[in-house]
Amino acid sequence: MMATESRIGTKLKAYCSNCGGQRNCEIKGHHAERGEDADGAYEWHTDWYLLVCCGCEHVFAQSVSTNSEEYYQEYDRNGDVITIHDEVIKSWPARAKRPRPDWFQHGTVETSLENTHALDASLSELYGALDHDLNVLAAIGVRTSFDIAAEILGVDPDKIFRKKLDEMVAKNLIRDIEREHLDILVDAGSASAHRGWKPSLDDLNTLMETLESFIYSAFVLPAKREAAAAEIAKVKAKVPRKKTKPEPKAGGAKPNGSDGPAAGNPDS
């Protein structure tokens with residue numbers, strides 16, 4: 001059975017992925033569906049919305065679904081028992097499962113290194129996999145992004161992962177403790193690709209912390225240091241130089257200001 005009630009033109013509180021929070025949104029489109037199974041023993045209801053954020057004007061779609069089996073009860077102000085159905089909310093584009101780092105807000109790594117397009121593309125797909133709950137693909141993407149980053153840093157792409165880590169330690173690109181963490185990151189990606197391991201979102205967040213820390217240290221921080229050095233050099237050029245006192249000339253004036261022997265000297 002299709003419901004005909006429309007809410008177009010009214011407002012709905014929804015999460016705006018562009019603003020990053022709950023916002024008042026204007027309903028530009030609305031479609032409601034209802035259905036039942038098992039001769040009415042199980043009922044479901046889904047509202048579909050086309051929304052425009054009243055803050056940033058971001059346009060997105062959202063569905064809100066409930067059913068007769070998933071609910072909880074509580075008391076209202078009058079002490080009466082009320083039933084509240086659990087809502088399953090989905091958004092398109094999907095709500096971000098993990099905020100992008102400040103250095104990747106525009107879809108590119110902020111670095112002075114060249115030819116990072118492959119890394120930018122890999123990270124974009126990685127965050128997209130996280131947003132859409134594609135956990136296996138995300139774990140593989142973590143390993144792939146590390147592999148691409150290592151090649152940009154000059155590590156031999158034909159080496160196996162552990163040899164790459166050894167080379168990075170030898171080149172002072174990472175420390176021994178970072179090597180241990182990255183070794184786990186690589187093995188986790190291999191487990192998803194070849195051994196059927198599906199990590200949880202918490203597992204992926206831990207792996208992402210390791211990957212993001214590595215990229216920040218190897219790509220972003222050196223660029224920040226270069227920019228800071230350039231700025232401090234500009235300031236140095238503006239600061240007036242300290243004036244230095246001239247060195248006294250040989251045979252010049254005596255400390256008391258006279259050119260000859262000191263006054264009262266019996267030898268004068």
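Between residue 61 and residue 114, residue separation times 0.36 nm minus the direct Cα-Cα distance comes to 15.4 nm.
Between residue 187 and residue 7, the distance separating the two model label sites (each 7 Å from Cα on the Cα→Cβ line) works out to 4.9 nm. Between residue 133 and residue 151, the modelled label-to-label distance comes to 3.3 nm, taking each label 7 Å out from Cα in the direction of the beta carbon.
Projecting the Cα atoms of 48, 215, 20 onto the charge dipole of the chain, computed from C-beta unit charges around the Cα centre, puts 215 farthest toward the positive end. Inter-part distance, the range 118-136 to the range 171-233, computed on C-alpha centroids, equals 15 Å. For residue 171, a cut-off of 27 angstrom between C-alpha atoms picks up these lysines, skipping any fewer than 8 places away in its own chain: 159, 163, 224. Residues 42, 49 in ascending order of nearby Cβ atoms (within 10 Å, fewest first): 42, 49.
For residue 159 and residue 83, the difference between the fully extended length at 0.36 nm per residue and the C-alpha to C-alpha distance is 21.3 nm. Based on Cα atoms of the chain, Rg over Rh with Rh as the Kirkwood radius reads 1.34.
Dividing the convex hull volume of the alpha-carbon atoms in the range 102-237 by its residue count gives 119 Å³ per residue. The length gained by stretching the chain between residue 225 and residue 176 to full extension, at 0.36 nm per residue less their Cα-Cα distance, is 15.4 nm.
A cysteine counts as unpartnered when no other cysteine's C-beta lies under 4.7 Å of its own; in the chain this applies to 25, 54, 56.
Over every Cα atom in the range 1-85, the radius of gyration and the widest Cα-Cα span, Dmax, amount to 15.7, 45 Å.
For the residue pairs 13/90; 90/198; 164/198, alpha carbon separations beyond 19 Å are given by 90/198; 164/198. Residues whose amide H falls under 5 Å from that of residue 97, counting only those 5 or more places apart or on a different chain, are 131, with hydrogens built in the peptide plane. What FRET efficiency comes out for the pair residue 39/residue 70, r = Cβ-Cβ distance, R0 = 25 Å, nearest 0.05? According to the calculation, E is roughly 0.80. Ranking of 37, 187 by neighbouring Cβ atoms within 10 Å, starting from the fewest: 37, 187. Residue order for 145, 192, 63, fewest other beta carbons within 10 angstrom first, comes to 63, 192, 145.
Every number here is computed from the coordinates shown, using simple stated rules; none is lab data. Just so we're clear, the structure is a prediction, and the values are computed from it rather than from any experiment. Positions of Cβ are generated from backbone atoms using ideal geometry, with glycine treated the same way; all protein chains shown enter the neighbour counts.
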